[in-house]
Structure formats: structure tokens, C-alpha cells
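Read through the structure below, which is laid out as C-alpha cells, and then see the notes.
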Amino acid sequence: MKERRVAFVTCRGVPNLTPDDQLAIAPLAAHHLTVESVLWDDTSVRWSDYSAIVIRSCWDYHKRAAEFAAWIEAMEREAFPLWNPPALVRWNMDKQYLAELAGGGIRIPSAMFFARGQDAPPLSQVLSTNGWERAVVKPTISGSAFSTWVTHPEIAGEHEPDFRAMITRSGVVVQRFEPEIVRRGEWSLIFLGDTFSHGVLKQPKAGDFRVQKEHGGTAEPANPSSALMDAARQVLAMVRHPWLYARVDLVESGDDVLLMELEMLEPDLFLRCSRDAPGRFADVIRARVLSESQYRVGSVP
């Protein structure tokens, strides 16, 4: 069988892919699919050479959002086989998608969204109006807890200059702090090709609220409850575009399940946390390459 090339798209900070993504290389090779690590901003790349272009670790996109959006637009314009597809990536780049999902009945932490340059009320007023004892402030285009911090009424005044500076640069979301992330952790449910693959329970380090490993967080394999599974599937049922992978981040709050993030752009898929996950990921990529009924953003060679 003819070898085909698959681009795993990354950034200059991770030029050789993450160890997690490297786990998929051998299973893809068994399908006669050769993985190449490709920088999204490398202008010398011939994207037409690839049978599939899979966004993986473009972890600088939130710092270069306009450039990344232009790259996505160029991929769409040239009809290259990008996964997840351009329309979905654009939608998922900005956390405003959470407001849209909430409008459709998905439970998220109570939040207020502000557009870039909006004449927003003082941060202290945002907290008092909503009755929040603590809140998380972050840009609506952000990754890995970038520029994310916690405030409360006693120090909101001190944070006001940072809040104003952020809103001049980007959209901002102020979200009620969910203490259950610290107490019980945050769940990540990974779906590959529309099918649940595996679950992970993430915990922040002592004294922190961020669950990302670069901030000292941990992640361990875990089996989600039926309530978590139902919540994840309800979220994914609202996605209007075909997709290759999805990570649904949830937190249990009392008897409720809240959506923290729906990661469909460049999430860590925690392939290392499931023995069979790398093979499943390879299978769904192969299916996208070979299936005549796949969603096409261009011809697959």
C-alpha cells in the first residue's frame, strides 16, 4: 500500500511534537501513514503534500491569534484537509462559544463576557452584581491558563488596572470560581471520531487552582460517572461541524455537572493515560484519510 503523509501541526516551542502525540506515530505507520512534525507558521511548507493535516500542539496560537486565524483562513481557502476543520477551529478559538452553548442549555459556571474595548463596569461591581465571593478572570482567547488569575471583592480594586489593560487587548471573561476544581478536580473526557475513548481526572497542586501540568497539576486515568458521560454527550451534540477529536472538561458541583471547556483546537489528548488510545487515534485519522464520505475541506491525495 502506498505510504501517505500526515502532518501533525505544532509550534516552534514544541518542534518535535509532545511525547503524548509521539505515541500515535507507530500506530499510524501500521496504517501506512507517515507522521511529520510541521510548524503552523512555516511558510515553506507544502500543505498540499499531506493526506491529512492534524492540529496538535499549536500552543502559541493565543499569543498570535490574528496570525493563527489568518493561517486557518488560508488553509480553508486552499481547501486543505485540516482537522479539526477551519470553521470549527475558528468557533472554538474564542471562549465566547461557552456563552453560545449556555444559551442552548449547557450548564457552565456563571460568567460575564466582555468584548475587546467594551466599556465594562468595574471589576468590583461585576463581582458584587453577581454575588461572587471569588472569580476567575481570563482572556477569551487563551490557553494553558495564560493571563488567568483569581480575584475577590477585597482585592478587586487592586486588580482593576489589570482588568482594564486586558480588555483593551482582547475579549475577557469573568467567571465564578468553582471550588470543586480544588476539592474534587476537573475531569477531561476524550472523544476520538465521535466515540468516547478515555477519561482523566486532573488535580491542581496544593495552593493553586490551575490543573495544567506546567503549573504543577497532575492527571490520572479515571472512569467517569454516567452523569459526566451524559453531560459530555449533551455538549458534543451541539457541535455543528464534523470533528476528529474533542476533549470535554467538566467539574462536578454538588449534584450538577458544569462544562469548563470544550477543547477542539489543540488539546492534550492524554493518550498516555490509556493503553489503547494511541491506536484509536490512529484509526480515526486513517478513517478520515480513506473514507469517501468524510467531511472534505479539499481533496485527499
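Computed from backbone phi, the HN-Hα couplings of the range 42-58 come to 7, 6, 8, 6, 9, 5, 5, 6, 9, 7, 8, 10, 10, 5, 10, 10, 7 Hz, rounded to whole numbers (Karplus: 6.51 cos²θ - 1.76 cosθ + 1.60, θ = phi - 60°; Gly and Pro given as x). Working note: Cα atoms of the range 4-159, range along each principal axis, descending, whole Å: 58, 32, 31.
Applying 1/(1 + (r/R0)^6) with R0 = 22 Å to the Cβ-Cβ distance of residue 107 and residue 162 gives a FRET efficiency near 0.15. Were the residues from residue 46 through residue 100 laid out at 0.36 nm apart, the gain over their Cα-Cα distance would be 15.9 nm. Take the Kirkwood radius over Cα pairs of the chain, plug it into Stokes-Einstein at 4 °C and 1.567 mPa s, and you get 64 µm²/s for translational diffusion. Taking all protein chains into account, the per residue accessible area for the chain stands at 45 Å² (1.4 Å probe).
When 162, 249 are compared by accessible surface with a 1.4 Å probe, the order from highest to lowest is 162, 249. Within the assembled protein chains, the solvent-accessible surface assigned to residue 158 is about 140 Å², based on a 1.4 Å probe. Residue order by solvent-accessible surface for 25, 181 is 25, 181, largest first, with ligands and nucleic acids left out and a 1.4 Å probe.
Near residue 149, the amide H atoms lying under 5 Å from its own belong to 137; only residues 5 or more places off or on other chains count, and H is placed 1.01 Å from N. The share of Cα pairs per 5 Å bin across the range 220-270, counted from zero up to the longest distance, runs 4, 17, 30, 27, 15, 5, 1 percent. For the residues 4, 56, a 1.4 Å probe over the protein chains yields an accessible-area ranking, largest first, of 4, 56. The base-10 log of I(q)/I(0) for the range 71-124, evaluated at q = 0.12, 0.15, 0.19, 0.28 Å⁻¹, reads -0.44, -0.62, -0.80, -1.06 [Debye formula, identical scatterers on Cα atoms, solvent excluded]. Computed from the Cβ-Cβ distance with R0 of 30 Å, the FRET efficiency linking residue 78 to residue 237 stands at 0.45.
The values are calculated or read from the model by the stated rules, or taken from the named source; none is laboratory data. Keep in mind that what you see is a predicted model, and the values were worked out from it rather than measured. Because the Cβ atoms are built from the backbone with ideal geometry, glycine has one as well, and the counts that use them run over all protein chains shown. These accessible areas exclude ligands, DNA and RNA; they are computed on the full protein's heavy atoms, side chains included. Shrake-Rupley method; radii C 1.70, N 1.55, O 1.52, S 1.80 Å.
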